[in-house]
Ligand SMILES: Nc1ncnc2c1ncn2[C@@H]1O[C@H](COP(=O)(O)OP(=O)(O)OP(=O)(O)O)[C@@H](O)[C@H]1O
Ligand SMILES: [Mg+2]
């Protein structure tokens, strides 16, 4: 993916609740885009539009010049599973699956192969190792702390080697040390693998290495730097 473009995006959830108003934005390969703005300004909504998790009321999203509305459902799902990685603000871990199973899930969806299950498991374990969570691999999400859940969602976002990671308040629940680890992770993945990031956050530390900063206010772009 070389370019992701949102054009004139407007999202009206219901009458009178317009979360995004005519927002246009371009994300290029290798960018680290940081979206800031007060609570309710539309950061999550914008991530959901560009990440194809929800549809705008008006406007379009293009990937490498292709309007996603013109893609087949299967193609869109393929992009979301293999090209995109997601770190959600509210985690969305599957409660019935263990930590390691939650992380393996995107690989399982990508290629449902019983023969490769061992390699899926190993890929998930390797990520858990990096985040010092190996000892929690068989735990269920309800037995994890908020910070541990956040780390599991970070691992899950990485397992399919995505080209772009959408991260919604990724350091909101983790301590300073883990946040620093995450910053280094972002920098490393960006520099060494060219992974693009689109991050919605209140954490100003991200500004140090952002290539583009978008300030949202009441659903509108106030400023782009
Ligand atoms: N599913 C929904 N239905 C109705 N209104 C919604 C829905 N999701 C969000 N909103 C509203 O849209 C606006 C933007 O919400 P959004 O979650 O995008 O903000 P945000 O910038 O991510 O906030 P935060 O920093 O608190 O995460 C808010 O006024 C919110 O109440
Ligand atoms: Mg949000």
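Readers should treat all values here as calculations from the given coordinates under stated rules, not as data from a laboratory. These numbers were taken from a predicted model, which means no experiment stands behind them. Cβ: placed from backbone, ideal geometry, glycine included. Neighbour counts: every protein chain shown.
Placing one identical point scatterer on every Cα of the chain and ignoring solvent, what is log10 I(q)/I(0) from the Debye formula at q = 0.17 Å⁻¹? Values returned for q = 0.17 Å⁻¹ are -1.27.
For segment 104-225, the gyration tensor built on C-alpha atoms gives a prolate shape. Its axis ratio a/c (a ≥ b ≥ c) is at least 1.5, and a/b is the larger of a/b and b/c. Peptide packing for 115-122, 148-155, 33-40, 203-210 was compared via the average number of neighbouring C-beta atoms within 10 Å per residue; ordered from the highest value, the list is 148-155, 33-40, 203-210, 115-122.
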